[in-house]
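Presented below is the structure to which this report refers.
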Amino acid sequence: DDPSTWAKGEDRGFASDAGGRTPNLFLQELVHLASLCCAVAFSTLRNDIDGAESPLDMYYPGQPWPEVDPDRMKNITICQRITETGKYILGFDKTPATRTKYNAMRPLLVLGGVSDNEIAFLQRARGPSAKVTLAWHWLSEFIIREHLAGSLGAVGPPIISRIIQFLSDGMIFYNHSRKTMYIPFPFPHAQISAFFVFTMIFSVPLLMDEYSNNIYLGAVLTFLTVTCLAGLHEVARELENPFRNVPNEIPLCTLQAMFNESLITLFSGFHPDHFWEGDDYRKKGGAGNHRFTTSSSTPSKDVPQAPETKSESQGFSALEARLKMQQKEINRLSAILEKSSTASVKSKCFP
């Protein structure tokens with residue numbers, strides 16, 4: 001458990017198994033189901049084609065972040081980049097086959113991978129909402145079952161219900177994202193906006209030539225006006241569906257990898273500078289059961305008492321000195337408060 005040995009784990013961070021260090025099985029399953037639920041949600045947001053595959057893959061802790069810019073991907077040729085750039089400038093959308101191939105090149109990574117049974121169950125669920133609900137059910141059911149089995153320790157039910165509430169909040173925001181993804185902008189409004197932008201490209205130069213005395217000034221004003229109107233139209237197109245408008249899409253693969261790394265921090269254990277004795281809490285019964293008692297202030301003669309070490313005696317003496325200082329300060333403040341209250345009563349009774 002020495003953190004200095006984690007460097008041998010090839011940059012795997014808290015997921016390193018150097019020195020025989022293995023995370024708790026409960027935490028391993030917890031981070032896997034959380035990562036799977038998020039990956040399934042992301043895959044349904046960027047893929048709205050019925051019957052198309054949404055690939056999921058294994059995430060290896062410490063691996064490089066996925067590229068945010070799809071143009072920097074190594075498996076895209078220069079000709080493909082030029083073709084995609086031209087289509088984007090001209091306003092052509094990707095075909096369903098092209099989008100499916102693009103999603104296959106950028107799979108969403110899951111901690112622990114995806115088993116064949118999980119794939120079979122996800123394929124059996126009909127529709128994107130059902131798939132995400134199934135993954136969410138696996139996660140919430142696992143937390144409830146482990147809580148009933150005692151894996152979470154003596155944690156109160158209100159805290160467990162708070163965890164389920166946060167999971168339900170995540171489903172609420174996922175459905176908000178689905179509304180943005182699946183409900184398109186009103187078709188007549190979008191067509192009218194595109195038509196007026198196309199009209200302004202030809203009408204603005206004529207107007208600037210008519211009302212400006214300098215040809216260079218008219219050219220500059222024409223360029224700024226047309227660029228502003230066309231830019232607003234393109235921004236509206238990007239915001240209509242921010243999950244699949246390449247190359248300005250939301251980098252779901254990178255966000256999924258960052259979420260995986262945040263889940264791995266659950267393997268870190270206690271705070272490295274904790275003030276309690278971690279070994280005592282790892283033992284059965286804990287340290288508090290044999291150091292303090294609530295039944296009597298005097299130790300029992302029948303129960304053998306463990307000898308105090310030098311560090312423990314120094315700690316108790318320092319604690320007693322601090323308690324005495326606090327008691328003196330409380331007495332001093334109480335005396336000042338009593339004098340002030342007596343003076344105020346005299347001033348009220350005898351003006």
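The values are calculated or read from the model by the stated rules, or taken from the named source; none is laboratory data. Just so you know, these numbers come straight off a predicted model, no measurement behind them. Neighbour counts run over all protein chains shown; Cβ positions are idealised from the backbone, glycine included. Each accessible area value is taken on the protein alone, full model and side chains, heavy atoms only, with ligands, DNA and RNA left out. Shrake-Rupley method; radii C 1.70, N 1.55, O 1.52, S 1.80 Å.
Things worth noting here:
- Among all residues of segment 24-46, there is none that is in a loop (DSSP other than H, G, I, E, B), modelled with pLDDT under 90 and either in contact with a Pro (Cβ under 9 Å, 6 or more places away or on another chain) or open to solvent by less than 50 Å² (accessible area, probe 1.4 Å) (or both).
- Yes/no for residue 149 being aliphatic (A, V, I, L, M), in contact (Cβ under 8 Å) with a residue 40 or more places away in the chain and open to solvent by 40 Å² or more (accessible area, probe 1.4 Å): no
- Whenever a residue of segment 102-118 is in contact (Cβ under 8 Å) with a residue 40 or more places away in the chain, its partners that are open to solvent by 50 Å² or more (accessible area, probe 1.4 Å), lying with C-beta atoms within less than 6 angstrom and at least six residues away or across chains, give the pairs 107/57; 109/57; 113/58.
- Of all residue pairs spaced 6 or more apart or on separate chains, those with beta-carbon atoms under 8 Å, a first member in segment 247-262 that is without any contact (Cβ under 8 Å) to a residue 60 or more places away in the chain and a second member that is in a helix (DSSP H, G or I) are 248/238.
- Scanning segment 177-192 for residues that are within 37 Å of the chain's Cα centre (by Cα) and at pLDDT 85 or above gives 177, 178, 179.
- Evaluated against (1) in contact (Cβ under 8 Å) with a residue 24 or more places away in the chain; (2) surrounded by 11 or more Cβ atoms within 10 Å (Cβ to Cβ), residue 184 falls short on exactly one condition, (2).
- Just one of the listed residues (213, 245) is at pLDDT below 90, open to solvent by less than 90 Å² (accessible area, probe 1.4 Å) and of a type outside the set (Asp, Glu), and it is 245.
Rundown of residues vs (1) of a type in the set (Asp, Glu); (2) under 26 Å from the mean Cα position of the chain (by Cα); (3) at pLDDT below 90; (4) within 22 Å of residue 169 (Cβ to Cβ), yes/no style:
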position: 87; (1), (2), (3), (4): no, no, yes, no
position: 90; (1), (2), (3), (4): no, no, yes, no
position: 93; (1), (2), (3), (4): yes, no, yes, no
position: 101; (1), (2), (3), (4): no, no, yes, no
position: 112; (1), (2), (3), (4): no, yes, yes, no
position: 132; (1), (2), (3), (4): no, yes, no, yes
position: 135; (1), (2), (3), (4): no, yes, no, yes
position: 140; (1), (2), (3), (4): no, yes, no, yes
position: 149; (1), (2), (3), (4): no, no, yes, no
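- Test set (1) at pLDDT below 90; (2) open to solvent by 60 Å² or more (accessible area, probe 1.4 Å) - residue 267 fails condition number: (2)
- Conditions (1) over 21 Å from residue 53 (Cα atoms); (2) open to solvent by 60 Å² or more (accessible area, probe 1.4 Å); (3) in a loop (DSSP other than H, G, I, E, B); number of the one not met by residue 126: (1)
- Candidate set: segment 1-23, residues that are at pLDDT 70 or above and open to solvent by less than 40 Å² (accessible area, probe 1.4 Å); chosen: the one farthest from residue 108 (Cα to Cα): 23
- Residue 238 being in a helix (DSSP H, G or I), open to solvent by less than 50 Å² (accessible area, probe 1.4 Å), of a type in the set (Asp, Glu) and closer than 22 Å to residue 102 by Cα: yes
- Qualifying residue in segment 236-252 (condition: aromatic (Phe, Trp, Tyr) and touching an Asp or Glu at 6+ places or on another chain (Cβ under 8 Å)): yes
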